[in-house]
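Colleague: Take this structure, written in structure tokens, and hold onto it; I'll ask about it next.
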Protein chains: 2
Amino acid sequence: MVRAIRLLTTVFISVILCHSAMAHSVTKEQMHDDGIVRLSKIEVYPQYRDEYIELAKEVGEISLLSEAGVLAMYAMAETDNLCLITILEIYSSQAAYSRHIESGHFKKYKRETLHMVKSLELCDQTPLNPRSEIANVINAD
Amino acid sequence: MVRAIRLLTTVFISVILCHSAMAHSVTKEQMHDDGIVRLSKIEVYPQYRDEYIELAKEVGEISLLSEAGVLAMYAMAETDNLCLITILEIYSSQAAYSRHIESGHFKKYKRETLHMVKSLELCDQTPLNPRSEIANVINAD
């Protein structure tokens, strides 16, 4: 019995430690049949690059932490040309996507980056393997 | 005390249930400073599309399940043209990448898909937000 309690305590502490390494986030929804997997391809004007990156980081963090239906918002720039940005976006459903684009943080991002964006292409994707799942978390500093 | 044991038991069962939903995988390495985030962009000839997709699924599953340094291998096809495939690949280090391309399953994939691939572009990426982390798991059926 004492060993069982010790084991359970170890598991409990591990879970707490694991949880504390992540910034506080809402519980995520499961992917629905009408979920969206998208690669958003954005080219920004060089003079706005750093400013754009800060705004993209901000909207990604707020969306991941506060929206149950935003399963991924992972932004990358081509190492050889940081003006070419790709964001892997995963929404649990069409409704989750609608809620996202109606959110204050998305509208702020859209409004403040509009003049920075040279081109934007939304490329909807079909995942090849239904068993393969992505989780995107924001770690605490 | 009884309540504490109940709580710990609940946590323990949750961890077990959570674990059993995933196929058995090696423990993953942490991302190193020389880790790689890459978008591999592949166009396949239409007549080989389905066959290619099966081989890409296979190498992705084996790599994720068996290689500690393969943190993501998430393959998607453009919904409007399934011949245009993008794979988000994340390796924990240059050494992990070297081990991957030396593996039997990668060599098999490369050998068996070579004639199916019309073009291949390896686009190394710089993640915009160091706090944003991706985990890619294979769920059990």
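Colleague: Just the residues that are within 8 Å of the chain's Cα centre (by Cα) and not aliphatic (A, V, I, L, M), please, taken from region A:61-96.
Modeller: A:Glu61, A:Ser63, A:Tyr74, A:Glu89
Colleague: To continue, here is another question. Checking the condition surrounded by fewer than 22 Cβ atoms within 10 Å (Cβ to Cβ) and of a type outside the set (Val, Ile, Thr), which residue from A:Glu89, A:Glu51 passes?
Modeller: A:Glu51
Colleague: Given (1) within 12 Å of chain B (Cβ to nearest Cβ); (2) touching a Ser or Thr at 6+ places or on another chain (Cβ under 6 Å); (3) more than 14 Å from A:Tyr91 (Cα to Cα), where does A:Ala23 come up short, assuming only one miss?
Modeller: If we test A:Ala23 against (1) within 12 Å of chain B (Cβ to nearest Cβ); (2) touching a Ser or Thr at 6+ places or on another chain (Cβ under 6 Å); (3) more than 14 Å from A:Tyr91 (Cα to Cα), just (2) comes out false.
Colleague: Separate question: Got at least one residue in region B:3-22 being part of a loop (DSSP other than H, G, I, E, B), within 23 Å of A:Pro130 (Cα to Cα) and at pLDDT below 95? Steps first, answer last, please.
Modeller: Initial filter on region B:3-22 (part of a loop (DSSP other than H, G, I, E, B)): B:21.
Of the ones still in play, those that are also within 23 Å of A:Pro130 (Cα to Cα) are B:21.
Those still in the list that are at pLDDT below 95 too: B:21.
Yes, the conditions are met somewhere in region B:3-22.
Colleague: Are there any pairs with C-beta distances below 8 angstrom linking a residue in region B:38-64 that is polar (S, T, N, Q) to a residue that is surrounded by fewer than 16 Cβ atoms within 10 Å (Cβ to Cβ), with the two at least 6 apart or on different chains, and if so which?
Modeller: Pairs found: B:Ser40/B:Leu120; B:Ser40/B:Glu121; B:Ser40/B:Leu122.
Colleague: Which of the following residues is within 14 Å of chain B (Cβ to nearest Cβ) and aliphatic (A, V, I, L, M): A:Ala68, A:Ala140? Reasoning before the result, please.
Modeller: Numbers: A:Ala68 fails: within 14 Å of chain B (Cβ to nearest Cβ).
It is A:Ala140.
Colleague: A further question on this structure: Evaluate the following for A:Gly69: is it in contact with an Asp or Glu (Cβ under 6 Å, 6 or more places away or on another chain) and under 23 Å from B:Asn139 (Cα atoms)?
Modeller: Numbers: in contact with an Asp or Glu (Cβ under 6 Å, 6 or more places away or on another chain): yes; under 23 Å from B:Asn139 (Cα atoms): yes.
It is true that A:Gly69 is in contact with an Asp or Glu (Cβ under 6 Å, 6 or more places away or on another chain) and under 23 Å from B:Asn139 (Cα atoms).
Colleague: Ok, one more. Give just the number: which of (1) surrounded by 14 or more Cβ atoms within 10 Å (Cβ to Cβ); (2) modelled with pLDDT of 95 or more; (3) of a type outside the set (Phe, Trp, Tyr) does A:Pro46 not satisfy?
Modeller: (1)
Colleague: Quick one: which residue in B:Tyr91, B:Tyr52 is modelled with pLDDT of 95 or more and either more than 12 Å from chain A (Cβ to nearest Cβ) or under 26 Å from A:Val59 (Cβ atoms) (or both)?
Modeller: Details: B:Tyr52 fails: either more than 12 Å from chain A (Cβ to nearest Cβ) or under 26 Å from A:Val59 (Cβ atoms) (or both).
Just one listed residue meets the conditions, B:Tyr91.
Colleague: Out of the residues in region A:102-129 meeting the condition of being among the hydrophobic types (A, V, I, L, M, F, W, C) and not in a loop (DSSP other than H, G, I, E, B), tell me which one is farthest from the other protein chains (Cβ to nearest Cβ).
Modeller: Result: A:Leu114.
Colleague: If a residue must be at pLDDT below 95 and either surrounded by 13 or more Cβ atoms within 10 Å (Cβ to Cβ) or touching a Cys at 6+ places or on another chain (Cβ under 9 Å) (or both), how many such residues does region B:97-141 contain?
Modeller: Number satisfying all stated conditions: 0.
The values are calculated or read from the model by the stated rules, or taken from the named source; none is laboratory data. Bear in mind that the values here come from a model prediction, so they are computed numbers and not experimental data. Backbone-built Cβ (ideal geometry, glycine too); neighbour counts: all protein chains shown.
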